[in-house]
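Visitor: One structure is given below, represented as structure tokens, and several questions about it will come after.
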Amino acid sequence: MKRLAGYYCFAIATLMLPLLFPDSYYVTVVGVTVCTNIVLAVSLNLLMGYAGQISLGHAAFFGLGAYSSAVLTIKYGMNPWLAMTAGVIAVTVLSYVLSRPILRLKGHYLAMATLGLGIIVHIFFVQADQFTGGPDGISGLPVLSILGYPIDSDLKWYWTFAIFMLASVLFSLNIAHSRSGRALAAVHGSEIAAQMLGVDTAKVKSHVFVFSAVLACITGSLFAHQQDFVSPESFSFFFSIELVTMVVLGGLGSTFGAVIGAILLSLLPEVLLVFEDFEVMIFGAILMVIMIFLPQGLFVAMEETFFRLLKRKSQGSADVTS
Amino acid sequence: MLHVKNLNTRYGPIHVLKNVSLHVNQGEIVSIIGANGAGKTTLLVSISGLITPVSGEIIFEGQRINGISPAKIVSLGIAHAPEGRQVFSPLTVMENLRLGAFARKKASEQEIEDDIGEVFSLFPRLRERQDQTAGTLSGGEQQMLAIGRAMMAKPRLLMLDEPSLGLAPKLVEVIIKTVVDLNSKGTTILLVEQNARKALEISHRAYVLETGRITIQGPASELAEDSEIRRAYLGKDYRDISER
């Protein structure tokens, strides 16, 4: 209960926002982007932060989810949920088959292999134009409905994304304290030591890779329906890098770190719009300053400071009573 | 319990273990002594499956285990406390111990709690530090944690690689005493040590490994009296030789 106190506060805040500001552009439109990025960052953090395996191709799975929904519903008239399921199955198989050879690599080599994966998938979206619509993308997805209720307004989309995001965050928080979470941490620490304790490291790495890919894939399907449009641009190499930046900026290995990183990187561009041409420069400068002064990540640094203050306070009161 | 027959192991072109044969009986402490680079650690990692031998056989309780995965070997009952401790520094002492029980899928929460209690009674220092991250422990405490973590797998055979490495003499005594304790409670122990004197004191039998070959073997008490071993590993006649 106490462990999840932070989560409940976060959940209440997320669910209160549309009640307080039902008409705000920042809640209904930007809010959905923020939720999308949070799920993606949290899923990437499972792989990068918990298991210590870098991926520079996470946007590929996000894109595969989005394109399976778009292509199967528009070109083949499939039911949206069926299309989403087909996407999940395809990504599960693809990521599992790729995971074994790719995750034998470490460090820079793993970064290069996942980078290659991201680029290949992106090129596929651009080149296979009879399916994907090429660089122009495709639009006109059918409306997604949950149990007969169509999700046909910005506010309804916010609720959908908010609930999906909160479920993913809760899952990620819980896994850290489970047997699987400890196995991931062991793989991160030292694969040899993990093997000596009976952890099947190849299996653990492949499972977390598949899981993180599937989470990104589902997010992609929802994203495609919400945007009503997909194009290769949204799933490029740059977006993968942005996701890595979110995870590192917030604090590698911390779920809330990924959440904070995603919120910050999604909102900053909106806020910095006032600087017009200087937007990107200021954005870059802020990232550099944060990483130089808080190399452990924004959230982790905040957390440490908070606990240090708490400790000092309790010591102070202990002194008074003695 | 454990039989190693004509084991050959290579790292690429380097032939490390050459026709090594040894056995460990139930309830024994067997130590392997030898100089740096003799292949002691390689022998242990071959048994725990981290490297696959080129030829030869490793048989544990009647089952051939070379070529099967390290994870499976742990679940068969062989635990390995590696050289240089290899504790997971960002994790707490408690989390490290729980990881030790990873291979025991069927164990209930209660059993694991009981086993953690047992490790704490063996090493009270760990109980005091249970919520600290392993990286903040001293070298001796980390070694205790590495042994405790290996114990959590409930092994029938425990392999310890250089448990006294880099520890203060007083801590070496604590560790050695624990090894004897564990053995008297029924765990069979295969010990690799550079501190040959201490190893021979507590072992039933010992093997001397020299550049990948077993050169001398026998009851530990006999080996401790062997003039060749005294000269090479125990440093007994150091003065006689240097003053000659």
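Visitor: Could you list, in sequence order, the residues of region B:88-103 that are at the interface with chain A (Cβ under 8 Å from one of its Cβ atoms), closer than 27 Å to B:GLN194 by Cβ and buried (at least 19 other Cβ atoms within 10 Å of the Cβ)?
Guide: Hits for region B:88-103 are B:PHE88, B:GLY100.
Visitor: Can you pull out every residue in region A:67-98 that is farther than 17 Å from A:LEU141 by Cβ, open to solvent by less than 40 Å² (accessible area, probe 1.4 Å) and of a type in the set (S, T, N, Q)?
Guide: A:SER95
Visitor: May I ask you to verify whether B:ILE51 is hydrophobic (A, V, I, L, M, F, W, C), surrounded by fewer than 19 Cβ atoms within 10 Å (Cβ to Cβ) and within 14 Å of chain A (Cβ to nearest Cβ)?
Guide: The answer is yes for B:ILE51.
Visitor: Could you tell me which numbered condition A:GLY253 fails, if it satisfies all but one of (1) within 18 Å of the chain's Cα centre (by Cα); (2) under 30 Å from B:ALA153 (Cα atoms); (3) part of a helix (DSSP H, G or I)?
Guide: Result: A:GLY253 passes all but (3).
Visitor: Collect the residues in region A:160-193 that are buried (at least 21 other Cβ atoms within 10 Å of the Cβ), under 21 Å from B:ILE68 (Cα atoms) and more than 8 Å from every other protein chain (Cβ to nearest Cβ), keeping them in residue-number order.
Guide: Once the filter is applied, which keeps residues that are buried (at least 21 other Cβ atoms within 10 Å of the Cβ), under 21 Å from B:ILE68 (Cα atoms) and more than 8 Å from every other protein chain (Cβ to nearest Cβ), region A:160-193 yields only A:VAL187.
Visitor: Being more than 17 Å from the chain's Cα centre (by Cα), more than 14 Å from A:ASP200 (Cα to Cα) and more than 7 Å from chain A (Cβ to nearest Cβ), is that true of even one residue in region B:74-86?
Guide: Within region B:74-86, not a single residue is more than 17 Å from the chain's Cα centre (by Cα), more than 14 Å from A:ASP200 (Cα to Cα) and more than 7 Å from chain A (Cβ to nearest Cβ).
Visitor: Just to be sure, is B:GLN110 under 16 Å from the mean Cα position of the chain (by Cα), more than 14 Å from chain A (Cβ to nearest Cβ) and either within 27 Å of A:GLY253 (Cβ to Cβ) or open to solvent by 10 Å² or more (accessible area, probe 1.4 Å) (or both)?
Guide: Considered against the rule, which asks whether it is under 16 Å from the mean Cα position of the chain (by Cα), more than 14 Å from chain A (Cβ to nearest Cβ) and either within 27 Å of A:GLY253 (Cβ to Cβ) or open to solvent by 10 Å² or more (accessible area, probe 1.4 Å) (or both), B:GLN110 comes out as no.
Rundown of residues vs (1) buried (at least 17 other Cβ atoms within 10 Å of the Cβ); (2) of a type in the set (A, V, I, L, M, F, W, C); (3) in contact with a Pro (Cβ under 6 Å, 6 or more places away or on another chain); (4) free of Cβ contacts under 8 Å to residues at least 12 places away in the same chain, yes/no style:
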residue: B:SER46; (1), (2), (3), (4): yes, no, yes, no
residue: B:GLU61; (1), (2), (3), (4): no, no, no, no
residue: B:LYS72; (1), (2), (3), (4): no, no, no, no
residue: B:GLY77; (1), (2), (3), (4): yes, no, yes, no
residue: B:HIS80; (1), (2), (3), (4): yes, no, no, no
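Visitor: Could you say which residue among A:LEU273, A:LEU265 is in contact with a Ser or Thr (Cβ under 7 Å, 6 or more places away or on another chain) and part of a helix (DSSP H, G or I)?
Guide: Testing whether each residue is in contact with a Ser or Thr (Cβ under 7 Å, 6 or more places away or on another chain) and part of a helix (DSSP H, G or I) leaves just A:LEU265.
The values are calculated or read from the model by the stated rules, or taken from the named source; none is laboratory data. All of these numbers come straight from a predicted model, not from anything done at the bench. Heads up, the Cβs are rebuilt from the backbone with ideal geometry, glycines too, and the neighbour counts pull from every protein chain shown. These accessible areas exclude ligands, DNA and RNA; they are computed on the full protein's heavy atoms, side chains included. Shrake-Rupley method; radii C 1.70, N 1.55, O 1.52, S 1.80 Å.
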